[in-house]
Amino acid sequence: MEWLKPIFGITLVMIPVGGLTFALVAKTLAKVRRESIDPVPAEGLAERVAQLQEEVESLTAEVRELKAAQDFDRKLLGHRAAREGSGT
């Protein structure tokens, strides 16, 4: 049992030292992570939103044009099928 005394002594010292080391490392890592997060600059945000709005409006216009072209094609094919069906 005498050989267990040094092991218990070392353990008794190392547990608090290890705990303090872990706490300091965790605190430092948390601080570094908080500081490394780059907030979005407010001045560029309004410009980006305006640009996105313009792109959405442009896409909306293009979708309308595609729909009109699709309707035209559908009417054209409908007239062609009607002509072929009537034998003219």
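The values are calculated or read from the model by the stated rules, or taken from the named source; none is laboratory data. The shown structure was predicted, so the numbers you read here are calculated from the model rather than taken from an experiment. Cβ placement follows ideal geometry from the backbone for every residue including glycine, while neighbour counts extend to all protein chains displayed.
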In the set R80, R33, the lone residue that is in a helix (DSSP H, G or I), at pLDDT below 85, surrounded by 10 or more Cβ atoms within 10 Å (Cβ to Cβ) and not hydrophobic (A, V, I, L, M, F, W, C) is R80
Item to check | Any chance L12 is at negative phi, part of a helix (DSSP H, G or I), more than 22 Å from the chain's Cα centre (by Cα) and surrounded by fewer than 10 Cβ atoms within 10 Å (Cβ to Cβ) | outcome: yes
